[in-house]
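Report on the following structure.
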Amino acid sequence: MDIDKEVDARGLNCPLPILKAKKALADMQSGQALRVVSTDAGSIRDFQAFAKQTGNELLDQQTVGEDFIHVLRRR
């Protein structure tokens with residue numbers, strides 16, 4: 001999967017990972033992919049809700065060690 005931009009939101013709690021993702025997506029072209037790495041367990045459902053509300057596509061979510069990785073495609 002091609003990733004166009006990555007945001008490191010480790011150590012940040014809700015709503016900061018979402019806000020950082022929103023800011024990054026605003027600077028991206030339609031169809032580009034954003035990876036967000038977070039340590040907030042609540043970010044799993046936060047990114048699911050964020051994708052639904054904004055129309056951006058949630059391509060993938062993974063848990064790797066203590067990291068929660070979310071991949072979104074810009075609408």
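Bear in mind these aren't lab numbers, they're just calculated from the coordinates by the rules spelled out. All values reported here derive from a predicted model rather than from experimental measurement. All Cβ positions, glycine included, derive from the backbone under ideal geometry; neighbour counts span all protein chains shown.
Test of understanding: among Leu25, Leu19, Leu34, which residue is within 12 Å of His70 (Cα to Cα) and of a type in the set (A, V, I, L, M, F, W, C)? First the steps, then the outcome.
Working: Leu25 fails: within 12 Å of His70 (Cα to Cα); Leu19 fails: within 12 Å of His70 (Cα to Cα).
Being within 12 Å of His70 (Cα to Cα) and of a type in the set (A, V, I, L, M, F, W, C) holds for just one of Leu25, Leu19, Leu34, which is Leu34.
Take the conditions of a type outside the set (S, T, N, Q), touching a residue at least 40 places away in the same chain (Cβ under 8 Å), assigned to a loop (DSSP other than H, G, I, E, B) and at positive phi and apply them to Gly11. Does it pass? Break it down into steps so the answer makes sense when it comes.
Values: of a type outside the set (S, T, N, Q): yes; touching a residue at least 40 places away in the same chain (Cβ under 8 Å): no; assigned to a loop (DSSP other than H, G, I, E, B): yes; at positive phi: yes.
So Gly11 does not fit the description; no.
Please enumerate the residues belonging to region 49-75 that are free of Cβ contacts under 8 Å to residues at least 40 places away in the same chain and either under 11 Å from Ile3 (Cβ atoms) or assigned to a helix (DSSP H, G or I) (or both). Full working, then the answer.
Initial filter on region 49-75 (free of Cβ contacts under 8 Å to residues at least 40 places away in the same chain): 49-58, 61-66, 68-69.
Passing the criteria: Ala49, Phe50, Ala51, Lys52, Gln53, Thr54, Ile69.
Filter region 14-48 down to the residues that are touching a residue at least 40 places away in the same chain (Cβ under 8 Å) and out of contact with any helix residue (DSSP H, G or I) (no Cβ under 6 Å at 6 or more places or on another chain) and list them by number.
Of everything in region 14-48, those that are touching a residue at least 40 places away in the same chain (Cβ under 8 Å) and out of contact with any helix residue (DSSP H, G or I) (no Cβ under 6 Å at 6 or more places or on another chain) turn out to be Ala21, Leu25, Met28, Gln29, Ser30, Gly31, Gln32, Ala33.
Is there a residue in region 20-36 that is surrounded by 15 or more Cβ atoms within 10 Å (Cβ to Cβ), of a type in the set (Val, Ile, Thr), in a loop (DSSP other than H, G, I, E, B) and on the phi < 0 side of the Ramachandran plot?
Taking every residue of region 20-36 in turn, none turns out to be surrounded by 15 or more Cβ atoms within 10 Å (Cβ to Cβ), of a type in the set (Val, Ile, Thr), in a loop (DSSP other than H, G, I, E, B) and on the phi < 0 side of the Ramachandran plot.
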